[in-house]
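Below is one structure; the comments refer to it alone.
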Amino acid sequence: MRRLRLIQVLLASSVALTPRAHAQDRDTLPPVCLGFSFGPWTPALDWRGAGHPAAPDTSGLARTPENRDWAVNGMVGVEDSLLILYPRWWPAGIAVTLPTRRPAPGDTIAGRAQALVADGRRRNPTSRVRAWAVSCKGGG
């Protein structure tokens with residue numbers, strides 16, 4: 001399997017990455033769309049080694065109207081936000097933990113990523129991740 005050293009995935013996310021924002025405030029903020037870049041994975045990503053039966057055919061997987069992979073807001077805490085990404089290259093999901101704040105234009109937020117695995121006895125591959133604000137308009 002080839003090594004995945006740097007991967008960029010654009011995902012639309014309506015998460016309000018603002019610390020201690022009230023629900024009413026979050027509802028009035030515009031969506032935040034993020035680009036992601038991952039470092040090396042430890043252990044290396046290996047679909048079968050993670051307990052998945054086989055890498056799926058991703059050609060039929062749904063994409064957003066902007067032609068991006070899907071993401072889901074996880075829990076938002078005081079310190080960190082959790083996003084679950086569903087990139088085509090690992091559709092079991094990637095859990096990304098980032099500091100809870102909205103990135104300014106040109107700002108990069110550093111966090112941690114874990115690739116989800118089917119076999120709970122196996123170690124989740126982890127990686128450093130960088131995220132930055134991108135346009136929420138089509139593309140990606």
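Since every read-out is calculated from the coordinates, none of them should be taken as a lab result. Computed from a prediction, not measured in an experiment: that's the story for all the values here. As a convention, Cβ positions derive from the backbone with ideal geometry for all residues, glycine included, and neighbour counts pool all protein chains shown.
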(Q) For Asp80, what residues show an amide H to amide H distance below 5 Å, using hydrogens built from the backbone and excluding near sequence neighbours? (A) Thr100
Q | Amide N of region 100-140 lying under 17 Å from the label point, which is placed 7 angstrom from the Cα of Arg63 along Cα→Cβ | A | 135-140
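Would you mind counting up the charge near Asn67? Only other residues with Cβ under 14 Å from its Cβ, with Lys and Arg at +1 and Asp and Glu at -1. Display every interim value, and only then the final one.
On the way: positive: Arg63, Arg68, Arg88, Lys137; negative: Glu66, Asp69.
Taking every Cβ under 14 Å from that of Asn67, the sum is +2.
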Q | Whole-Hz ³J(HN,Hα) from phi, Karplus 6.51 cos²θ - 1.76 cosθ + 1.60, for region 58-64, glycine and proline x | A | 8, 5, x, 5, 5, 10, 5
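Which order, highest average first, do 42-49, 88-95, 113-120 follow once you tally other Cβ atoms within 10 Å for each residue and take the mean per peptide?
On the way: 42-49: 15.0, 88-95: 18.5, 113-120: 16.6.
The most tightly packed comes first, giving 88-95, 113-120, 42-49.
Normalised by the residues of region 78-140, what does the relative contact order come to in percent, with Cα pairs under 8 Å and at least six apart?
Details: 105 pairs, mean separation 16.8, N = 63.
Dividing the mean separation by the residue count of region 78-140 yields 27 percent.
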Q) With each label point set 7 Å from Cα along the Cα-Cβ vector, what nm distance links Ala54 and Trp132? A) 3.9
Q: Report ³J(HN,Hα) in whole Hz for each residue of region 121-136, in order, from the Karplus equation J = 6.51 cos²θ - 1.76 cosθ + 1.60 where θ = phi - 60°; Gly and Pro get x.
A: 7, 9, 6, 6, x, 10, 7, 7, 9, 10, 10, 8, 6, 10, 5, 7
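Could you grab the relative contact order for region 37-133? Cα pairs under 8 Å, six or more apart, rounded to a whole percent.
Values: 184 pairs, mean separation 29.4, N = 97.
Relative contact order here is 30 percent.
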